[in-house]
Amino acid sequence: KIGIDISQIVYEGTGVGERGGRGAPGCRVLPGRPPPPLGRLPRTESANLMAAVKTKRIYEPAKRSDGARVLIMRLWPRGIRKEHVDLWLKELGAPLTLLREYRAGGMKWSDYRKRYLAGLKSPEAQTALNELRKLVARRRVTILCVCHDESRCHRGILKKLLPRDRSV
């Protein structure tokens, strides 16, 4: 155990603990360390993009904070009016054969994910993906699907894919 009281540590160049600073007498200064962050850290472009993209089930009620509501399913969900969705990008939905095979238990999640990402390399999917990226650059977006669990749904894969570079 090191005999340093953590409340007595200050960082060089912060004005805290230096002559005339706000620190307590007898504070130690650790050279070469950055000052502690005050408030929130600066956000990276990727983090800003992630904040601009949310996901939810299509059956959850719409909120003002949703921004543009984008449906990413091949088939229109039952009982949902067209007014509840701002944009329908069916090319970003998982192919029906892939969904059926996964839900029947014939495929692991890792295989489903690989095949879904491979399907996004088609020209139609790339066009839809670019349209979604442009929308995300302008405003907040909520990606919608019927799946219960985002961690096992293509909307979760798509949300993680958006901040990366332009290639899939």
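Quick rundown of the values:
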item: Theoretical gain in end-to-end length, residue 146 to residue 97 [0.36 nm per residue, Cα-Cα removed]; result: 16.0 nm
item: Simple spin-label estimate for residue 138 and residue 114 in nanometres, 7 Å along Cα-Cβ; result: 3.8
item: Hz values of 3J(HN,Hα) by residue in the range 141-158 - Karplus curve (6.51, -1.76, 1.60), Gly and Pro given as x; result: 10, 10, 8, 10, 7, 8, 4, 6, 9, 4, 5, 10, 9, 5, 5, x, 5, 5
item: Heavy atoms of residue 75 accessible to a 1.4 Å probe, total area in Å² rounded to 10; result: 100
item: Cα centre as origin, Lys/Arg/Asp/Glu Cβ charges: the range 60-131 dipole, Debye; result: 260
item: Cβ-based net charge around residue 63, under 14 Å, with every Lys or Arg adding one and every Asp or Glu removing one; result: +3
item: Local electrostatic count at residue 80 - Lys and Arg +1, Asp and Glu -1, tallied over other residues with Cβ under 12 Å; result: +3
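The values are calculated or read from the model by the stated rules, or taken from the named source; none is laboratory data. Just so you know, these numbers come straight off a predicted model, no measurement behind them. Quick reminder, even Gly has a Cβ in these numbers, built from the backbone with ideal geometry, and neighbours come from all protein chains shown. When the accessible area is computed, the model is the full protein with side chains, heavy atoms only, and any ligands, DNA or RNA have been set aside. Shrake-Rupley method; radii C 1.70, N 1.55, O 1.52, S 1.80 Å.
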